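The values are calculated or read from the model by the stated rules, or taken from the named source; none is laboratory data. Just so you know, these numbers come straight off a predicted model, no measurement behind them. Backbone-built Cβ (ideal geometry, glycine too); neighbour counts: all protein chains shown.
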């Protein structure tokens, strides 16, 4: 005969069983990685402050794939490099044009803020981990403060209806009056624009090679500051000032470079990107000097010499008239 006491125990056991079953289902559900929200295209992706504790973590296997993939992403590279986040979280998902892959926005934040656009496979079994198909840096925000200047870099992206992704990249350099390294103390701002298209069939982002067709002339005064015997001094600064003062009225661009020779962004005086050139081969032979650039022609080297001597050769090369004033004559060692 079933007593009241037995009925109570049955109810307790049944309640415990239900709780266990619900916990198991919830645990199994949590193992399935899904984006926090879904976003329709077109949309814009910018750096912000997501709530890391409330966002699902990107599985370790996918994070490892992402780090390997980032080494080969084409386009304008990050200038101010900060360490990558140790942990990525799935912030949102975009509507996918194919049932074979998903599109995720993942983000991480430490000293710098990153956002990546990922395409991942849709596993056949729900418990399986997706595989990375393609990855694209779409938003980045970082500032580096030095003694007399602040450099900042900020990216954002527009995702269009046809799944074209346009990444806008802005670079700024702000000087203080105490800066003795820069030759001009002019605050500088430049922009770059990279375009990618999602291949709808396989879910890969393909870089669209930019076309720079506008003619330009430019002079680069360079020094490899990784060589300990070389340093920026007052003569270097005065020479750079004289060069820019003489070249700007002739619409000849002037730049100073001390590192990152592999991907030099040539910008006009309005900050618009004119070209991207690789000048790293010059460092195999030379440690400082001038590089003469002209659209459609091979870069040429001119040894480090007084500004008046360099300007006379450069103006003569392009058929320009050079009339130096006394204050333009700067002496420096060859």
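Of all residues in the stretch 282-317, those satisfying the criterion of being surrounded by 17 or more Cβ atoms within 10 Å (Cβ to Cβ), touching a helix residue (DSSP H, G or I) at 6+ places or on another chain (Cβ under 7 Å) and under 20 Å from residue 226 (Cα atoms) are 290, 291. Would a scan of the stretch 219-239 turn up a residue that is closer than 22 Å to residue 169 by Cα and under 24 Å from the mean Cα position of the chain (by Cα)? For the stretch 219-239, residues closer than 22 Å to residue 169 by Cα and under 24 Å from the mean Cα position of the chain (by Cα): absent.
Exactly one residue out of 186, 259, 194, 233 is out of contact with any helix residue (DSSP H, G or I) (no Cβ under 7 Å at 6 or more places or on another chain), at pLDDT below 95 and surrounded by 14 or more Cβ atoms within 10 Å (Cβ to Cβ), and it is 194. If you go through the stretch 36-52 and keep only what is modelled with pLDDT under 90 and either under 24 Å from the mean Cα position of the chain (by Cα) or part of a helix (DSSP H, G or I) (or both), you end up with 47, 48, 49, 50, 51, 52.
In the set 70, 94, 80, only one residue is within 30 Å of residue 209 (Cβ to Cβ) and at pLDDT 90 or above; that residue is 94.
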